[in-house]
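Working notes, beginning with the structure itself.
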Amino acid sequence: MKNLSFLGVTILILSEFLTACKPNENVKKPVVSFAEKQTEKKIEVLVDGQQFTVFQWPDNICKPVFYPVCASSGTEITRGFPINPRNGERTDHPHQIGLWFTYGNVNGNDFWGNGSQGLGTKNSNGGTIKHLRIENIKKGTGEGSFDSFESWVDSTGNELLKEKTSYSFIADGKIRIIDRNTILTAGEKNVEMPDTKEGMFGIRVARQLELPSNGTIELYNEDGTITTIKDSLNTGISGNYESSEGIFGENVWGTRARWMKLDGKIGDENISVIICDHPGNPNYPTYWHARGYGLFSANPLGVRDFTKGTDSLNFVISAGNSVTFKYRVIVASGVQLLTQQINDLATEFASGEK
């Protein structure tokens, strides 16, 4: 009887947890709207008037980014450095800003690492993604969307790729979602995107969501100075990866999976950040360039690095042709999403149903 009682209580608790995470059909969905600020080179994404994220293309960075990205509570889940540095943040890789989509070798041009010397800098071989315009802005109940157009230009200013990306922003309870559908079109010449681990769809998360480590790191101070420390206490550092294939921690790097989850806490708030690959993408399921220091990225093209040279993929977009990349980002606040919930959201994304 004691075992049955314990089992019954366990089932009841699990049932209540799943019910709490499941969208309530009787609750009015929030309104997703937008605030265009063209002179500031940004557009804000709002949920019932509260900032979810900001799509921005300032002159001092080399690509459009979403920064910040916030949970439903308003908590920022992205690193502030270098745009808005916060005390105690890492200061490495200043080109890793917010949420972005680039690649490290496009006809020999490095779009991923351009700006690696800091805001306002460009590398000699760096490619730049220039924002052109936004169209089809649609606010709505539970979901809003817009289309963005970009031009990928090489270090001499010549266009290599045209980009059209359709974004959808979904708000449901404590879950926030960004879906992107990116179409890259080559011009009059083939565009080669050879193997490199430096790609492709990435986010740089807040310090608290990093994985604990014992390495030497450089941290930002409120007065603008940098302190170098060997972090052995990892106070408040709580992140951990889990892949759809059941791999955990830093062991996920270089593995393939249909989705990757990063769980952690910011203060007392449970946070889950998930990136889902799409079965229509090249080389699905993607490899993961996911690092313990806060870089969380899907890269379907960096095969050689991820397989230690046993395989390779030299991707080419033929002249005049297009290729599509689709990704979903899920941010959950107050709960750490279970595997079945993520599978459901990933399957929904793959099927095109919302």
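The values are calculated or read from the model by the stated rules, or taken from the named source; none is laboratory data. Just so you know, these numbers come straight off a predicted model, no measurement behind them. As a convention, Cβ positions derive from the backbone with ideal geometry for all residues, glycine included, and neighbour counts pool all protein chains shown. When the accessible area is computed, the model is the full protein with side chains, heavy atoms only, and any ligands, DNA or RNA have been set aside. Shrake-Rupley method; radii C 1.70, N 1.55, O 1.52, S 1.80 Å.
Which one is least open to solvent (accessible area, probe 1.4 Å), of the residues in segment 146-183 that are small (Gly, Ala, Ser) and closer than 21 Å to ASN125 by Cβ? Residue satisfying both the conditions and the ranking: SER151.
Going through (1) in a strand (DSSP E or B); (2) open to solvent by 50 Å² or more (accessible area, probe 1.4 Å) one by one, GLU250 falls short only on (1).
Residues checked against (1) under 30 Å from LEU345 (Cβ atoms); (2) without any contact (Cβ under 8 Å) to a residue 60 or more places away in the chain:
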{"site": "LYS174", "(1), (2)": "yes, no"}
{"site": "LYS189", "(1), (2)": "no, no"}
{"site": "GLU192", "(1), (2)": "no, no"}
{"site": "MET200", "(1), (2)": "yes, no"}
{"site": "LEU209", "(1), (2)": "yes, no"}
{"site": "ASN214", "(1), (2)": "no, yes"}
{"site": "ILE217", "(1), (2)": "no, no"}
{"site": "TYR220", "(1), (2)": "no, no"}
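Checked against (1) under 20 Å from ASN60 (Cβ atoms); (2) in contact with a helix residue (DSSP H, G or I) (Cβ under 9 Å, 6 or more places away or on another chain); (3) open to solvent by less than 30 Å² (accessible area, probe 1.4 Å), THR102 passes all but a single condition, namely (2).
Selection of segment 236-247 for residues being among the β-branched types (Val, Ile, Thr) and open to solvent by 30 Å² or more (accessible area, probe 1.4 Å) yields only ILE247. Tally up the residues in segment 294-311 that are surrounded by 13 or more Cβ atoms within 10 Å (Cβ to Cβ) and part of a loop (DSSP other than H, G, I, E, B), please. Count: 5. When segment 222-235 is filtered for residues that are under 19 Å from PHE81 (Cβ atoms), without any contact (Cβ under 8 Å) to a residue 24 or more places away in the chain and open to solvent by 70 Å² or more (accessible area, probe 1.4 Å), the ones remaining, listed by number, are ASP223, THR228, THR235. For segment 94-107, the set of residues classified as touching a Ser or Thr at 6+ places or on another chain (Cβ under 9 Å) and either farther than 26 Å from ILE177 by Cβ or without any contact (Cβ under 8 Å) to a residue 60 or more places away in the chain (or both) consists of PRO94, HIS95, GLY104, ASN105, listed by residue number. Restricting segment 262-293 to residues that are of a type in the set (S, T, N, Q) and assigned to a loop (DSSP other than H, G, I, E, B), the residue that is surrounded by the most Cβ atoms within 10 Å (Cβ to Cβ) is THR286.
Out of all the residues in segment 128-145, is one or more open to solvent by 40 Å² or more (accessible area, probe 1.4 Å) and among the β-branched types (Val, Ile, Thr)?
Just the residues of segment 128-145 that are open to solvent by 40 Å² or more (accessible area, probe 1.4 Å), to begin with: 130, 132-133, 135-139, 141, 143.
Imposing the further condition that a residue be among the β-branched types (Val, Ile, Thr) reduces the set to 137, 141.
Yes, segment 128-145 contains at least one residue that is open to solvent by 40 Å² or more (accessible area, probe 1.4 Å) and among the β-branched types (Val, Ile, Thr).
To keep it simple, each residue is scored yes or no on (1) touching a strand residue (DSSP E or B) at 6+ places or on another chain (Cβ under 6 Å); (2) under 19 Å from LEU184 (Cβ atoms); (3) part of a strand (DSSP E or B); (4) β-branched (Val, Ile, Thr).
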site	(1), (2), (3), (4)
LEU46	yes, no, yes, no
PHE52	yes, no, yes, no
PRO58	no, no, no, no
VAL69	yes, no, yes, yes
HIS93	no, no, no, no
LYS122	no, no, no, no
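Taken as a whole, the condition of being touching a residue at least 60 places away in the same chain (Cβ under 8 Å), open to solvent by less than 30 Å² (accessible area, probe 1.4 Å) and over 30 Å from ASN234 (Cα atoms) does not apply to GLY120.
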